[in-house]
Amino acid sequence: MSAESLGNLRKGGIYQYAEDNPVKTSDKDYIIRTTEYALDPNKTLGKMLLHTLEVCRTIYNSLRNILVAIIRRYKRLYGEDWIEQLESRHYTIFDDDELMDIARAIVNKNEDMQDIYQQILCDVTKRVYNTFNRYFSDTLKGNNPGYPRFKSENDYDSFTYPQNTGYGFCDKNGKKYKPGSKKGFDRIRLGKIGLLKFRNKFRIPGVMKTATVARTKVGDHYDWKVCIVWRMKPYEEHFMSIENPDETMKPIGIDLGLKNLVALSDGTKIPNDNTYRKKEKVVSKLQKRMADIKNNDPDYEKSHEYQSLKRRLSHGYKRWRNHRKDLYHKLTSEIVYNHGDIYAENLDILRMMRDSNSKTMKKLYKDAAWSKFMTKVEYKAECAGTSVFRVNPRNTSNLCSGCGHMVKKDLSVRIHECPHCNLKLDRDVNAAKNILSRGLGAARPGPT
C-alpha cells in the first residue's frame, strides 16, 4: 500500500470508523493519536478566541491567588508544620471538583465571562490542581519551591474542549459532518465561538475525544491551531479489506546518518536536507543586524527596523520548521507504507551529542533530528499494522553484509569495499543490510 494510495483513501474518507462509546470504554486497547489543524479565523472569530483565552487565564489566576492565600495563612499560623496541619484538616478546596465549583461561581458573578463554553473550565481547574500537586510534592520532599506563578497575558496560550460535544466538523452552513461522507468537511465548529476555516483535510478515522485550541506567536501576530486527540481500533480491526502485495510486506533495515538522512537495505538513499544549516548564514546576518540596533539604540524595541528584522527571523524559523516537518512526514509515510516490519539502530543520540567535542557535529546532530524522524516512523507503523524493532548498532558500518568479515574504515570513507568477498557498495547501505540481518537474527559475527 503506497503513501499515495493512503493519501487517496484519506482524501476520499472511506475509512471504517471505530464503533465504540468514547465515554464508557477505556483507551487501553486503542491507538491514541493527535491531529493538528491550522485555523484561519477572521477578525470577529479571532477576537472570540482571544476573549475565551483571556477568561481562562483570569480564572486560572483567580484560583491560584485563592490557594496561595490559604497556604500563606497556614504558614503564618503554623510555621514549618503548615502542610501537616493542612492535610489533617482535609482541605477540600484543593480538590479538583471543589476548584470547578469555585470556577463556576466566578463565571456566574461576571457577565462578560458567561459567553464562553462552560466545559472549558475543566481544563483550567485541572491545570491549577496539577500545578499545586507538584508544589506540595516538592515541599514534602524537603525542597523550598516558590509559589505557582501568576500567568501573564503571554504565558497562557491554549484552552481545551474536554468532550467531542463541544466541537466538530461541519459544512459552511453549520450542518454536522457525517463520518464517511465526502461532503460537509468545510469548517470546524468550536462551542460558543463559531465556524472556522481550517487547513489539513485529513479525515479522522476514529472517535474524537479532546480538542486543544492553541496560539503561537509569529512576528507581530498569532497563528492558531486546534489539536484533536482521537482513538481508533488496531489495524486489523480498523481498516477496510485492502490487498497487500508481497513487495510492500518485505521487512526493511534503515540506517540513520548525516550525509544520507536514511539509507535502506534495498539500496535506497535519502540525502540529508540540512534544513537549518543551509539557513545558518541568513540567521547569523539577521541576528547581527538586530544586535547592532540593540547596542546603538536604547529605545530599540520601538525601532521599525528592529521589529521588521524580528518578524523576518520569526517567519523564517516557522517556514524552516514546517518544511522539515512536511519532509519527514512524506519520507516516513513512503517508508512505512511500502515495506513490512522495520529494523533500525538503537541510538543514544543525547550521549552522542554530549560526547562530541565538535560544535559543528552537535549542530549536524540537531539538524538531522533523528528522534523526530523515528517517532513519526513508529506511530505510522503502528497505524499501518507493522512493527519497528531497535537493534544494537555496534560495528554495523564495519561488518561486511556479504561475508561477515570486519572491514574497519574511517568516517571519511563512504564506500564499503570488502577484500574477502569483493563486495562494493555504499557504507550506509551496507550498515542498513547488517541492521536488517541482525534484527532478523541472521547476523554473523565474523572473525575478530
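Numbers below:
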read-out: In Å², nearest 10: area of D428 left accessible to a 1.4 Å probe; value: 10 Å²
read-out: Solvent-accessible heavy-atom area per residue, rounded to whole Å², over region 269-410 at 1.4 Å; value: 59 Å²
read-out: With all protein chains modelled, accessible area of K285 [1.4 Å, Å²]; value: 140 Å²
read-out: Sum of -39500 (n - 2.57) over DSSP H runs of 4+, divided by residues of the chain (222 nm, nearest 500); value: -14000 deg cm²/dmol
read-out: J(HN,Hα) series, region 55-66, from Karplus relation 6.51 cos²θ - 1.76 cosθ + 1.60, nearest Hz, glycine and proline x; value: 5, 4, 5, 4, 5, 4, 5, 5, 5, 4, 5, 4
read-out: Sequence of I349, I342 when ordered by accessible area, the most exposed leading, probe 1.4 angstrom; value: I349, I342
read-out: Tensor-based shape of region 172-237 (alpha-carbon gyration tensor, a/c under 1.5 rounded, otherwise prolate or oblate); value: oblate
read-out: Cα shape, region 280-430, gyration tensor, a/c 1.5 rule; value: prolate
read-out: Listed residues M406, N200, G219: farthest to the positive end of the dipole of the chain (Cβ charges); value: G219
read-out: Heavy-atom SASA rank of S387, S158 (probe 1.4 Å, accessible area, largest first); value: S387, S158
read-out: Distance between region 128-147 and region 315-380 - C-alpha centres, whole angstrom; value: 35 Å
read-out: Under 12 Å from the V413 label point (7 Å along Cα→beta-carbon), backbone N, region 370-403; value: 397-400
read-out: Using alpha-carbon coordinates, inclination of helix 427-439 to the longest axis of the chain, degrees; value: 80 degrees
read-out: Global geometry of region 164-304, whether rounded, prolate or oblate, following the gyration tensor of its Cα atoms and the 1.5 cut on a/c; value: oblate
read-out: Candidates T139, T216, T125, ranked by Gaussian network fluctuation over the chain, Cα under 10 Å, top entry; value: T139
read-out: Hz values of 3J(HN,Hα) by residue in region 100-105 - Karplus curve (6.51, -1.76, 1.60), Gly and Pro given as x; value: 5, 5, 5, 4, 5, 5
read-out: By average C-beta atoms within 10 angstrom, highest first, the peptides 168-174, 107-113, 390-396, 224-230; value: 224-230, 390-396, 168-174, 107-113
read-out: From phi via Karplus (6.51, -1.76, 1.60), per-residue ³J(HN,Hα) for region 113-129 in Hz, x at Gly/Pro; value: 9, 7, 9, 10, 6, 4, 5, 4, 4, 4, 5, 5, 5, 5, 5, 5, 4
read-out: Accessible surface of E382 - all protein chains present, 1.4 Å probe, nearest 10 Å²; value: 90 Å²
read-out: Amide H contacts under 5 Å for V218, placed H, 5+ residues apart; value: D223
read-out: Degrees separating the helix 280-296 axis from the principal Cα axis of the chain, which is the longest one; value: 40 degrees
read-out: Accessible area of the chain belonging to carbon and sulfur atoms, whole % at 1.4 Å probe; value: 48 percent
read-out: With Cα atoms, 0 to 90° folded angle of helix 359-368 axis to the chain main axis; value: 80 degrees
read-out: Cysteines without a disulfide-compatible partner [the chain; Cβ-Cβ under 4.7 Å]; value: C56, C122, C170, C227, C383
read-out: Residue order for H329, H304 - accessible surface, 1.4 angstrom probe, largest first; value: H304, H329
read-out: Accessible area expressed per residue, region 27-154, with surrounding protein chains retained (probe 1.4 Å, Å²); value: 59 Å²
read-out: Relative contact order for the chain, counting Cα pairs under 8 Å that sit 6 or more residues apart, in percent; value: 17 percent
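The values are calculated or read from the model by the stated rules, or taken from the named source; none is laboratory data. What you see is a predicted model; the values in this text were computed from it and never measured. Heads up, the Cβs are rebuilt from the backbone with ideal geometry, glycines too, and the neighbour counts pull from every protein chain shown. These accessible areas exclude ligands, DNA and RNA; they are computed on the full protein's heavy atoms, side chains included. Shrake-Rupley method; radii C 1.70, N 1.55, O 1.52, S 1.80 Å.
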